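The values are calculated or read from the model by the stated rules, or taken from the named source; none is laboratory data. These numbers were taken from a predicted model, which means no experiment stands behind them. Methodologically, a virtual Cβ is constructed for each residue, glycine included, from the backbone with ideal geometry; neighbour enumeration extends over all protein chains shown. All accessible areas refer to the heavy atoms of the entire protein, side chains included, with ligands and DNA or RNA removed. Shrake-Rupley method; radii C 1.70, N 1.55, O 1.52, S 1.80 Å.
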Amino acid sequence: MIIHSFKRALASIPFQSRLHSATSTVDSLEIKQFEKFTHQWWDEFGPMKGLHALNRIRVPFIRDGLINEGAVAQENINTALPLKGLRLLDIGCGGGILSAHLSRIGAQVTGIDANSAIIDVAKQHAKDNNLDVAYFYTSVEDHSKENSLKYDVITASEIIEHVTEKEKFISACSDCLKPSGSMFITTMSKTLLANFLGIFVVEDVIDLVPKGTHQFHKFIQPHKLQRIIEDRNFETKLIHGMFYNILTNEWNWCSNTSVNYCLHAVKR
């Protein structure tokens, strides 16, 4: 009787809520926050314009990192499809801004996100643009259960600063990745300067994105992220600073990692 009552109670919980279980690093408050962007995800001049602009440096960063690791077939390096034949998992894909571009340069892309409404946006964009990208509404922890050692590449761009348990998140990423596979992360450092520019200026002063989009306590410094990653069987290949010019909507590489940075690691 107790078991049947529990099953009935579980069935009455919306799937969206069940996704945010003890096995998931997804924060339900973060999901609600990003639902505000659902209808503006592909507006290159809207609240997501910074992510659209970020593609100009993060796509080459991923491509070149894979070439340097020998993951790209020699015959594909100087072609329009350098990532041809590589299975890639884009975690926290949102509406598909990065997934779509990586698909266009040859990768076999799977995009996952814990926001069902935004996944619907990504699916519609792929359909409208004839892109072969598989999008799923799920967490990386749940996805890893049936996709162990499946992917050659994992991207987690602008997502780990929204994750509750970073150790569990990276472990799930590792579970999905083949040995010698590459993981690429872009995120924000946990510094006073990042708090000032990434939250106060962007959210409170110029209102580029809605207030509450970022929480400073979830930011992580490069050396701490590196330690978490290397504790989970990765070798760090590169950590590099990035700078976003709010006035020109342009991203550039810089030596300073105190605000935004990228990381490339390879699974041992």
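Worth pointing out:
- Cross-link table LYS224/LYS267; LYS168/LYS190; LYS84/LYS166, entries beyond 21 Å C-alpha to C-alpha: LYS84/LYS166
- Rough spin-label spacing in nm, given labels placed 7 Å along Cα→Cβ, for GLN124 and ILE228: 3.3 nm
- Segment 206-268 versus segment 135-179: alpha-carbon centroid distance in Å: 17 Å
- Those aspartates and glutamates that a straight Cα-Cα span of less than 15 Å connects to LYS150, excepting residues fewer than 8 apart in one chain: ASP90, GLU141, ASP142, ASP175
- Cα gyration tensor, segment 211-258 - rounded (a/c under 1.5), prolate or oblate: oblate
- Estimated distance in nm for a label pair at SER116 and VAL201, the labels positioned 7 Å out from Cα along Cα-to-Cβ: 3.9 nm
- Residues in segment 171-262 average 47 Å² of solvent-accessible surface per residue, probe 1.4 Å, ligands and nucleic acids excluded.
- Rg(Cα) / (2.2 N^0.38 Å) computed for segment 110-195, rounded to two decimals: 1.19
- Here the chain is assigned +1 on the Cβ of each Lys and Arg and -1 on the Cβ of each Asp and Glu. Its dipole about the Cα centre then comes out at about 480 debye.
- Note on the chain: dipole from Cβ charges, positive end direction compared against SER157, THR257, SER171; the farthest Cα belongs to SER171.
- Theoretical gain in end-to-end length, THR79 to ASN249 [0.36 nm per residue, Cα-Cα removed]: 58.4 nm
- Max-minus-min Cα coordinates of segment 125-268 on each principal axis give 44, 41, 26 Å, with the largest extent listed first.
- Summary value for the chain: 17 percent relative contact order, contacts being C-alpha pairs under 8 angstrom separated by 6+ residues.
- Beta bridges per DSSP with both ends in the chain, % antiparallel, nearest 5: 55 percent
- Global size of the chain as Cα Rg and Dmax, reported in angstrom: 18.3, 65
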